[in-house]
1. Which condition number does F87 fail, the rest of (1) under 27 Å from F319 (Cα atoms); (2) open to solvent by 50 Å² or more (accessible area, probe 1.4 Å) being met?
2. What residue, among those in the stretch 384-418 that are assigned to a strand (DSSP E or B) and in contact (Cβ under 8 Å) with a residue 40 or more places away in the chain, is nearest to V186 (Cα to Cα)?
3. List the helices (runs of 4 or more DSSP H) that sit entirely inside the stretch 25-115 and contain at least 2 residues that are modelled with pLDDT of 95 or more and among the small types (G, A, S).
4. Within the stretch 155-195, which residues are over 16 Å from the mean Cα position of the chain (by Cα), within 17 Å of V12 (Cα to Cα) and of a type in the set (F, W, Y)?
5. Determine which single condition I158 fails, assuming it passes every other condition in (1) within 16 Å of the ligand (Cβ to nearest atom); (2) among the β-branched types (V, I, T); (3) touching a Ser or Thr at 6+ places or on another chain (Cβ under 8 Å).
6. Please determine, by comparing only the residues of the stretch 250-279 that are away from the ligand (no atom under 16 Å from the Cβ) and closer than 14 Å to M222 by Cβ, which one is most open to solvent (accessible area, probe 1.4 Å).
7. Testing E122 on (1) open to solvent by 20 Å² or more (accessible area, probe 1.4 Å); (2) closer than 19 Å to I157 by Cβ; (3) at pLDDT 90 or above, one condition comes back false. Which one is that?
Amino acid sequence: MKAVVFTLGCKVNDVESGSLIAGLEAMGYEVSRELGPADIVVVNTCAVTAEAERKSRQLVGRAAKLAKGGKVIVCGCASQKCADAFFEKADNVYLVTGAQQKGEILEAVKGGLTEKKIAIKEAQKGVYEDMPLPKCLKTRNFVKIQDGCNRFCSYCIIPYLRGRSRSRDLDDIVKEVERSTAQETVLTGIDVSAYRDEKGRDFCDLLRALGSIDARIRIGSMEVSLITDEFLAAAKGMKNFAPHFHLSLQSGSDKVLKTMNRHYTRAEYLSACQKIYATFPNASITTDIIVGFPTEDEADFEDSVRMVEEAGFAQIHAFPYSPREGTNAYKKYKELPSALKKARVEKILAVGKAQKEKYLKALLDKTLEMIPERFDGTYTDGYSDNYVRLYLPKSVGKEPLTVRAVALFEDGLLVERI
Ligand code: SF4
């Protein structure tokens with residue numbers, strides 16, 4: 001029996017697809033992540049932007065054709081948002097579920113998928129849905145620790161699709177990290193900063209519980225509210241914490257942050273950055289920035305541009321504001337012209353590129369810990385603990401090693417072994 005599990009969107013979607021694959025393999029299916037002919041085809045969709053939702057619809061149509069008669073199951077945030085649109089996409093769409101209770105897809109497959117139906121569920125308040133453990137990836141393994149979000153940033157549709165924040169049991173997370181054979185584990189979720197399990201254990205408790213793990217521990221995306229003295233002390237106390245902080249900014253303007261319903265000021269964000277650099281001098285801070293938010297005027301935009309240098313970002317990701325029906329911003333504000341948004345994205349990315357170069361130059365001649373990933377015949381690439389891509393001009397196997405940065409190279413640094 002053949003199955004396909006195709007994934008769009010974020011790392012959390014990817015981990016959930018990994019669980020579906022593990023569940024289908026346990027049922028005897030041979031599972032691929034690429035579209036093609038199969039008995040069962042699962043498409044795990046995304047709706048973070050209008051473009052992602054459009055792509056999800058397109059993908060389901062293509063998957064249904066390529067399945068050659070196989071039964072198609074659609075799940076994820078886009079189908080949570082508009083199930084009917086996916087149900088009507090093709091005759092062989094048999095089941096449309098949403099972003100919740102994805103584990104029930106395995107029950108439906110076991111039941112033979114005899115009838116066509118839509119089964120959209122709402123998350124049970126505070127109840128984290130356990131799924132089969134995904135297969136462990138070789139170098140970098142993503143472990144889901146939390147789902148949902150309570151923040152309701154005014155531009156974001158996710159809380160309406162993934163429900164309220166709920167956290168996985170701390171002991172289950174530790175067990176999964178301990179059994180992992182990967183050199184690095186990334187703790188991921190929709191809002192990991194809100195982590196608190198049913199026994200009241202929070203993110204600092206989790207870091208302390210992972211403190212003696214040999215593998216490198218990295219945190220996915222985080223919010224400013226997480227950057228407390230207790231958190232930094234817990235991270236500093238770990239055996240192998242990766243000092244890379246993907247600290248979501250979204251805007252450098254206090255006025256825009258307020259209208260985004262994001263609860264910090266640019267001064268508080270910068271102070272969090274200073275605390276991080278004081279605790280981890282080699283740390284990298286990367287971020288996401290939305291430009292062209294409806295309330296953003298030229299001065300606000302310049303506030304975001306200046307923040308790129310002031311925060312010393314190692315990398316920025318900048319996106320034009322994408323209006324999402326159902327969000328407060330969509331109801332309240334008129335969109336800015338696309339050409340203006342596009343120009344602002346280009347400008348801030350150029351500033352981000354120059355800032356990244358400055359960050360990399362400061363690492364020259366420094367010693368870094370590298371986890372090798374691939375050898376392409378000339379170079380072995382891999383990442384440093386502060387999430388810089390490194391290139392070593394020889395084949396060195398998979399064991400972590402210590403290197404010195406000798407030059408800027410490609411999107412990272414050329415290194416030599418020491
Ligand atoms: S923190 Fe804000 S941007 Fe992130 S998922 Fe929650 S509402 Fe969306």
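The values are calculated or read from the model by the stated rules, or taken from the named source; none is laboratory data. No experiment lies behind these values; they were computed from the predicted model shown. Here the Cβ is made from the backbone with ideal geometry for all residues, glycine too, and neighbour counts use every protein chain on show. Each accessible area value is taken on the protein alone, full model and side chains, heavy atoms only, with ligands, DNA and RNA left out. Shrake-Rupley method; radii C 1.70, N 1.55, O 1.52, S 1.80 Å.
1. Of everything listed in (1) under 27 Å from F319 (Cα atoms); (2) open to solvent by 50 Å² or more (accessible area, probe 1.4 Å), F87 misses just condition (1).
2. G412
3. The helices (runs of 4 or more DSSP H) meeting that bar are 50-66, 77-81.
4. Within the stretch 155-195, just Y160 meets the criteria.
5. Status for I158: all satisfied but (3).
6. K275
7. That leaves (3) as the condition not met.
Let's see how each residue does on (1) farther than 17 Å from I145 by Cβ; (2) in contact (Cβ under 8 Å) with a residue 12 or more places away in the chain; (3) within 16 Å of the ligand (Cβ to nearest atom); (4) in the same structural domain as C10 (by TED's automatic domain parsing):
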site	(1), (2), (3), (4)
K199	no, yes, no, no
S221	no, yes, yes, no
N240	yes, yes, no, no
P243	yes, yes, no, no
